[in-house]
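Each remark here refers to the structure printed beneath this line.
The values are calculated or read from the model by the stated rules, or taken from the named source; none is laboratory data. Just so it is clear, the model here is predicted, and its values are computed rather than measured. Cβ placement follows ideal geometry from the backbone for every residue including glycine, while neighbour counts extend to all protein chains displayed.
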Amino acid sequence: MRKNNFKTDSKSVLIVIIALISNALLAQQQTITSNSSSYFWKNVQFGGGIGLGFGTGYTDITLAPSAIYNFNEYVALGLGAQYTYLKQKNYYASHLYGGSIIGLFNPIPEIQLSAELEELRVNINLDGSNSNSQDYWNTGLFLGAGYRSGNVTMGARYNVLNDSNNIYGSAFMPFVRIYF
């Protein structure tokens, strides 16, 4: 009779030990998972740009949100989206939309170097003629440098893929970049 009690007690103790260990392991896994998630989001910054240009018969509106992940104080990588509406009265209306991948490098806190690969779909509708409408992809590779103060960087970038068919008036462009 003593052997049966020992076997029953051993099984009960073993079940309790397994339950306690598995509960401790699950609690540890949940802590690691929730800490990893919060650690990831602490390193993400959101920002982008807004552009407005108006003139006599001319409209230019741009929305360009983006997000970056800071791997450390020196390197960040991110994605961006862009939509631009351009209209010249009695001449054309154009929609540009697409995305970009941006890499940022801060050798010192005040200096920011950047590389951005941008792919935009361009739709141009010439007024008075549907046959002259154009739809095509435009690729840009911008290398830039800027002065950084807090969340704001002001600088210039250069499109190394610039050619005569490029949608921008110049390969050289100033920028203001803001991330929160």
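Just wondering, is there one or more residues in region 57-74 that are over 22 Å from PRO174 (Cβ atoms), surrounded by 15 or more Cβ atoms within 10 Å (Cβ to Cβ) and modelled with pLDDT of 95 or more? The answer is yes, given that some residue of region 57-74 is over 22 Å from PRO174 (Cβ atoms), surrounded by 15 or more Cβ atoms within 10 Å (Cβ to Cβ) and modelled with pLDDT of 95 or more. For region 42-54, check the following and say yes or no: at least one residue is β-branched (Val, Ile, Thr), in contact with a His (Cβ under 9 Å, 6 or more places away or on another chain) and within 25 Å of ALA145 (Cβ to Cβ). Within region 42-54, none of the residues are β-branched (Val, Ile, Thr), in contact with a His (Cβ under 9 Å, 6 or more places away or on another chain) and within 25 Å of ALA145 (Cβ to Cβ). For region 155-176, the criterion of being loosely packed, with under 11 Cβ neighbours inside 10 Å, within 21 Å of the chain's Cα centre (by Cα), under 19 Å from GLU118 (Cα atoms) and not hydrophobic (A, V, I, L, M, F, W, C) is satisfied by at least one residue. Determine, yes or no, whether ASP135 is surrounded by 11 or more Cβ atoms within 10 Å (Cβ to Cβ), more than 18 Å from LEU79 (Cβ to Cβ) and touching a residue at least 12 places away in the same chain (Cβ under 8 Å). For ASP135, the condition - surrounded by 11 or more Cβ atoms within 10 Å (Cβ to Cβ), more than 18 Å from LEU79 (Cβ to Cβ) and touching a residue at least 12 places away in the same chain (Cβ under 8 Å) - is not met. With respect to PHE142, determine if the residue is in contact (Cβ under 8 Å) with a residue 60 or more places away in the chain and of a type outside the set (Lys, Arg). Spelling it out, it is not the case that PHE142 is in contact (Cβ under 8 Å) with a residue 60 or more places away in the chain and of a type outside the set (Lys, Arg). Would region 68-83 turn up any residue that is part of a helix (DSSP H, G or I) and polar (S, T, N, Q)? No: region 68-83 contains no residue that is part of a helix (DSSP H, G or I) and polar (S, T, N, Q). Checking the stated criteria, GLY78 turns out to be out of contact with any helix residue (DSSP H, G or I) (no Cβ under 7 Å at 6 or more places or on another chain), of a type outside the set (Phe, Trp, Tyr), surrounded by 18 or more Cβ atoms within 10 Å (Cβ to Cβ) and closer than 21 Å to PHE40 by Cα. Taking ILE124 as the residue in question, decide whether it is surrounded by fewer than 14 Cβ atoms within 10 Å (Cβ to Cβ), over 21 Å from the mean Cα position of the chain (by Cα) and without any contact (Cβ under 8 Å) to a residue 60 or more places away in the chain. No, not satisfied. Taken as a whole, the condition of being assigned to a strand (DSSP E or B), in contact (Cβ under 8 Å) with a residue 40 or more places away in the chain and either of a type in the set (Val, Ile, Thr) or over 15 Å from TYR179 (Cβ atoms) (or both) does not apply to ILE50.
Please specify each residue of region 84-137 satisfying the condition of being in a loop (DSSP other than H, G, I, E, B) and in contact with a strand residue (DSSP E or B) (Cβ under 8 Å, 6 or more places away or on another chain). If the condition is that a residue be in a loop (DSSP other than H, G, I, E, B) and in contact with a strand residue (DSSP E or B) (Cβ under 8 Å, 6 or more places away or on another chain), then LYS89, TYR91, PRO109, GLU110, ASP127, SER133 are the ones that fit.
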